[in-house]
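The values are calculated or read from the model by the stated rules, or taken from the named source; none is laboratory data. What you see is a predicted model, and the numbers here were worked out from it, not measured in a lab. Glycine also receives a Cβ, built like all others from the backbone with ideal geometry; neighbour counts cover every protein chain displayed.
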Amino acid sequence: MNDDTPAAPREEADPADTRDDVPYRFDRSHAVGDIVEAFEGLEAGVETETVVSVAGRLMLRRDQGRLAFGTLQDATGRIQLFATAAASPGFERFTGLSIGDWIGVRGAVMATRRGELSVRVDDWTLLARARRPFPDKWHGLTDPDTRYRQRYVDLWVSDEARDAFARRSQIVAALRRRLTDQGFVEVETPVLHPIPGGAAARPFVTRHEALDADLYLRVAPELYLKRLVVGGMERVYEIGRVFRNEGISTRHNPEFTMLELYWAYADHTDIMDLTEHLVAGVAEDVCGSTTVVYDGQNVDLAPPWRRASMEEVIAEHAGFEVSLDAGAAELAARCDSLGIETRPGWGPGKLMLEIYEKAAEPNLWGPVFVTDYPAEVSPLSRRHRSRPGHAERFEAIVAGRELCNAFSELVDPVEQRSRFEAQAALRAAGDDEAMAVDEDYLRSLEYGLPPTGGLGIGVDRLVMLLTDTQAIRDAVLFPTLRPDPGV
RNA sequence: GCGCCUCUAGCUCAAUUUGGCAGAGCAACGGACUCUUAAUCCGCAGGUUCUGGGUUCGAGUCCCAGGGGGCGUACCA
C-alpha cells in the first residue's frame, strides 16, 4: 500500500470483477465510539501519542489538494480521518476511494486545527470495495420500498434505523434477563405443527415430503408450552417467530416475534402483576425511565396499570351499557346501530367483542388491562371464577395498541374438548381461523395441568413502543414484501 | 380483498395545469486546492420517464390494462 500509483479509474470497477486483493482479516484496536468517548474534548491542534486501528466504511471525503479529510463510520459511530500527501502512504489512492468503501486505518488520535477529533492516516488498507454507488449523503433513502428491500444500505444512511435495531436487541436481552432472574426457563418448541392451534389465525401450510404430510407453520407456541407445564416445567417461556397468513399493515407482519410464558400455580392476576413489572422494567433498562414518549404522547408504564372490565371500558368509550345477559339479538342490534357488520351464528360473546374492538378500543391509550373477555371467544382460557359467561382473560392496551393477551389457563380436559369441538364446528362452517381438535393436547391435559397463568406479548409491538416507531416495518429488519419482480 | 395516492439518472428532486428538444444537486469520472465539516471551484458524462397498449402531427404529461410501493379499510397481534 506504500506505492503512489494513481487510483484505478472507476470504469475498471466492473461488478463482475471479484479479484480485489484485499486482506482476509484486520486487527482493530478500537471501535470508533470508544475513541470518541475517550478523547472527547481533545484540544484543537493536539496530536496524541495514542495509535489506534479502526475500520469501517468511508462515508464522506473532502479532498483538499495535498490534504484530505474523510468520515469513517462503524457500528458505534463516526470519526474524521486526516490524511496528507506527505505522511499518508498511498495518498493518491486514498483520495480515489469511493464513498462506501470499507477501509482499515492505523494512526494517531489527534484534533485538527478546527478541533475536529480525527485519526491521522499513518497507514491504511482497502478491506472491500463498494461497487455500487451509495445514496445521496444528505438525503439518504426516502423510498420505503428501497429502504426495506435494501436494508443493508438503509442501515448505513439512516441513524434512526440503526438506533432502533440496536435497541431492539437490548429489549429482547432485557426480557430474557428479567425472566431468567424470575426463574423462567427458556425453551424452543416446534415451528412445524401437524395441527395449527393456540390462536385464532389462518396458518401457512407447507409439506414434508418424507412424512408425506402437510404441516403448518405455528400461529402460536401456546399448546406446546402448556404441554411442558404438564411435563413439570413450572416456569417456562419462549421467544420466537410465529406465522399468520393474514394481511400486512403498519401493525402487522405475516411473521412476527412472540414472547409466551406459562407460570404454574399462578392465575391471571399474577400475570397482570408480572406483565406490568416486566414491561416497565424493560423500559427502565433500555430507555432509562418508565415514562416513554410515543407518537408525541407520554406513556407512563409505572405499575400498577389500570384494570377495567370490557363492559366498563365499553360504557366509558361507547357511551352505553352492555352485558352478555342482554342476549345475541339485542347485542346484534347494537352492532347494527354502530355500523358493525355481523354474521349469523355469532353469539353474545363475539358480538360484545366486536362492540369493544370497534367502539371502545380505538379510544384507549393506556396502559390499561381490559379484563373479563367473553368465554365464547376464548377457547383456551379458564372460565371466570365468579362471572358466568366470562373468562379470566385480559389484553393490555398500551399507547393505543394491543400489547399482550393473557389468561388463567383452561386446565379441564373435558371442557377443553367441548371448546375445541365448538371451534371445529366453526371451522367446518368455513371459518379458517378457528382451531382444530388437538387430541394429543387433550391427552396431556388428562395427565393433569396444574393451575397456570399464561401470557403472550407481541415483541415487535413492544419494540415499536420503546423505539417510538409507528410502523412494524421499522421494528423488523426485513419486513415481508412482495417478491421483487426484478433486481 | 376493496378505495385513494404514487413511480423521472445510482440517490434526492424539477419539467410553465388537457401535451412541444427531459433538467438540477449529490455520487461517479477528469482537473485545481495543506484544516475541511453536506468543503469549495472548473470540466465531463449519465435516461426503456415502472411495463405494454391507445389517443395525437407530437405523450414524462391524457386514456386503458398490468406491475411495485404508500396510506386508509377488512381479517389479525
Residues being surrounded by 15 or more Cβ atoms within 10 Å (Cβ to Cβ), among the basic types (Lys, Arg) and either near RNA strand B (Cβ under 7 Å from one of its atoms) or on the phi > 0 side of the Ramachandran plot (or both): count how many of those fall in the stretch A:43-80. 1
Between A:ASP285, A:ASP295, which is assigned by TED's automatic domain parsing to the domain that holds A:ALA174 and modelled with pLDDT of 95 or more? A:ASP285
How many of the residues making up the stretch A:347-373 are crowded, with 19+ Cβ neighbours inside 10 Å and touching a residue at least 60 places away in the same chain (Cβ under 8 Å)? 7
Given the condition away from RNA strand B (no atom under 11 Å from the Cβ) and either within 28 Å of A:GLU433 (Cβ to Cβ) or of a type in the set (Ser, Thr, Tyr) (or both), answer yes or no: does some residue in the stretch A:239-252 qualify? yes
Here is a check on your reading of the model: is A:ARG385 touching a residue at least 24 places away in the same chain (Cβ under 8 Å), within 30 Å of A:TRP263 (Cα to Cα) and not aromatic (Phe, Trp, Tyr)? no
Log entry, pairs with first residue in the stretch A:444-465 being at positive phi, second being at pLDDT 95 or above, beta carbons closer than 7 Å, six or more apart or on different chains, reads A:GLY448/A:VAL230
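Residue-by-condition table, conditions (1) acidic (Asp, Glu); (2) in contact with a Pro (Cβ under 6 Å, 6 or more places away or on another chain); (3) in a helix (DSSP H, G or I):
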{"residue": "A:TRP124", "(1), (2), (3)": "no, no, no"}
{"residue": "A:ALA130", "(1), (2), (3)": "no, no, no"}
{"residue": "A:PRO133", "(1), (2), (3)": "no, no, no"}
{"residue": "A:ASP136", "(1), (2), (3)": "yes, no, no"}
{"residue": "A:LEU155", "(1), (2), (3)": "no, no, yes"}
How many residues does the stretch A:117-160 hold that are within 8 Å of RNA strand B (Cβ to nearest atom), acidic (Asp, Glu) and either free of Cβ contacts under 8 Å to residues at least 24 places away in the same chain or closer than 18 Å to A:GLY77 by Cβ (or both)? 2
Mind telling me which of the residues A:VAL476, A:VAL437 ends up being β-branched (Val, Ile, Thr), more than 11 Å from RNA strand B (Cβ to nearest atom) and either farther than 23 Å from A:PHE369 by Cβ or outside the structural domain of A:GLU415 (by TED's automatic domain parsing) (or both)? A:VAL437
Being among the basic types (Lys, Arg), under 30 Å from A:ASP154 (Cβ atoms) and not assigned by TED's automatic domain parsing to the domain that holds A:HIS252 narrows A:ARG401, A:ARG461, A:ARG482 down to just A:ARG482
When you look at A:SER378, is it free of Cβ contacts under 8 Å to residues at least 40 places away in the same chain, small (Gly, Ala, Ser) and surrounded by fewer than 17 Cβ atoms within 10 Å (Cβ to Cβ), yes or no? no
Any idea which residue in the stretch A:274-309 is surrounded by the most Cβ atoms within 10 Å (Cβ to Cβ), counting only those that are in contact with a Leu (Cβ under 8 Å, 6 or more places away or on another chain) and either of a type in the set (Asp, Glu) or part of a loop (DSSP other than H, G, I, E, B) (or both)? A:GLU276
Answer residue from the stretch A:1-43, given it is modelled with pLDDT of 95 or more and of a type in the set (Gly, Ala, Ser) and is farthest from A:LEU117 (Cα to Cα) among those: A:SER29
A:PRO344 fails exactly one of the following numbered conditions: (1) crowded, with 21+ Cβ neighbours inside 10 Å; (2) without any contact (Cβ under 8 Å) to a residue 12 or more places away in the chain. What is the number of that condition? (1)
Taking the condition surrounded by 17 or more Cβ atoms within 10 Å (Cβ to Cβ) and within 12 Å of RNA strand B (Cβ to nearest atom), does A:VAL230 pass? no
Could you check the stretch A:81-116 and list, in sequence order, the residues that are assigned to a strand (DSSP E or B), within 12 Å of RNA strand B (Cβ to nearest atom) and crowded, with 17+ Cβ neighbours inside 10 Å? A:LEU81, A:PHE82, A:ALA83, A:MET110, A:ALA111
Considering only the stretch A:443-459, I want to know if a residue exists there that is away from RNA strand B (no atom under 16 Å from the Cβ), among the hydrophobic types (A, V, I, L, M, F, W, C) and either assigned to a strand (DSSP E or B) or surrounded by 16 or more Cβ atoms within 10 Å (Cβ to Cβ) (or both). yes
